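Derivation of every value follows stated rules applied to the coordinates shown; laboratory data play no part. Keep in mind that this is a model prediction, so the values were computed, not measured. With ideal geometry, Cβ positions are generated from the backbone for all residues, glycine too; neighbour counts draw on all protein chains shown.
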Amino acid sequence: MNYKLRGTNVIAIELIADEENFDIEDIKKFILEKKQLLRGTRFILSVENRVLSEEELRDLVEFLKNVNEFIFCGLKTNLKENRELCIKLGIPCDISTLEIEKEKERSESEEIKFYGKTLRSGDKLTSSGDLIIMGDVNPGSEVEAGGNVYVMGNLMGFVRAGIGKSEAEVRAIFFKAPVLEICGRTVSFERNEEYLNFRVRVKNGKVKIEHKSKGK
């Protein structure tokens, strides 16, 4: 059993398992041994160079969701087959990589901005295209984008996305904000509500919200 734990730029702990050391029961044992160390963290499972079966993925995700010491945020992988399986099963999978690949198909003239820090109260970040924020968006901060907004941490500030567009989306690993604006539409939320794996999008003239209530 030879697995690695490391911090990530999405403010989480990542467990790395590759083709050579991949064994589901060993992974479970390793996590249970380390669960006190992982207490209170956000947890990502990274699977490299190993195609998972649907049964394996379901088994792992069910186990990880039931470990109370941490919050399971999803899978990270370098294989298209695993990403497609995650999408099929509705499992968060490497949001940043998936969306970066998707955006490559768009016009090269449209800006995609990466921001590697946390936004604090009074900060304002803008982009004519998409924004990928690798930290938190704290209360009192503001984000404006002509395209999509992806927050790889807590989204608690104000986001205005899809400015001047008819379709766009906002995603965040954690969401706790009273309001956001997307494609000129204001979307309000109950105060103190917290959501995990949050997504709101406008497509074909309709607003669709997807999320998991935190702690459920």
inquiry  = To check my understanding: the extent here is largest minus smallest coordinate of the Cα atoms along each principal axis. What are those three numbers for segment 108-213, in Å, largest first?
reply    = 38, 32, 20
request  = Can you figure out the FRET efficiency of residue 181 with residue 210, using R₀ = 22 Å and their beta-carbon distance, to the nearest 0.05?
outcome  = 0.75
Relative contact order (%) - segment 108-213, alpha-carbon pairs under 8 angstrom, separation at least six = 17
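Taking the Cα centre as origin and putting +1 on Lys and Arg beta-carbons and -1 on Asp and Glu beta-carbons, what dipole magnitude results for segment 108-213, to the nearest 20 debye?
Roughly 260 debye, rounded to the nearest 20.
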message = Within 10 Å of each candidate Cβ there may be at most 13 other Cβ atoms; applying that plus a DSSP loop requirement, which GluC sites (Glu not before Pro) in segment 131-216 survive?
response = 190, 193
